[in-house]
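What follows draws every value from the coordinates through simple rules; no lab data is involved. Predicted model, so just to flag it, every value in this text is computed and none were measured. Because the Cβ atoms are built from the backbone with ideal geometry, glycine has one as well, and the counts that use them run over all protein chains shown.
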Amino acid sequence: MSSPAPASPAADETVTGIIVHHPRTDARTAYEAWLTDISETCRRFPGYLSTDVIRPVGSQPNYTIIIRFAGIEALRAWTESPERREALQLIEPSLERADRYAIRTGLDFWFAPPTVQPPKSWKQYLMTLSAIFPLTVFVPWALGPLLDGVPLLASKAVVAAVIVALMVYAIMPRYTRLVSRWLYR
């Protein structure tokens, strides 16, 4: 598996590695155990942020593994590590075809895992609205006392930054996984 270079992300920008595997039907149990092991190994690397696994949906046989790191160098340290190479050698006989790997930066991994048709626009709209609306009510209310006396534009910028951070790092990765059956149906 080669690691293609991303389009020059900033060193401190969150970087996402997207890996697609198609395990043989008779090797799914072994593959699930391998996923658990490699996820634990990955967690020990500096800069590691999270791992999400999108399991096969409907007739789609692929697993999509989304790994986030704090920067491109942290992701490279993982992708080029001997631990990862050894783990791949162990699982390769259980895969129908060689894995596919891509690096993404920013928000482009929210709605379009590489092996699944992107969801309908109206589903993306409803999902995003249902995540953002409560934040636009709660975050200003929660930060109000801290921002009392701060100029209006600066306080709006802080509120917007908190909402975007919550969406990118906390809410959307988990929310997308939670509603994936509906979203990708």
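Here are the numbers for this structure:
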| quantity | calculated |
| --- | --- |
| Spin-label pair Phe133/Ala160, simplified geometry with 7 Å Cα→Cβ offset, distance in nm | 2.3 |
| Distant-in-sequence amide H partners of Gly71 (H built 1.01 Å from N, under 5 Å) | Val15 |
| Estimated distance in nm for a label pair at Ala70 and Thr29, the labels positioned 7 Å out from Cα along Cα-to-Cβ | 4.0 |
| Cα gyration tensor category, rounded, prolate or oblate, for the stretch 44-85 with a/c compared to 1.5 | prolate |
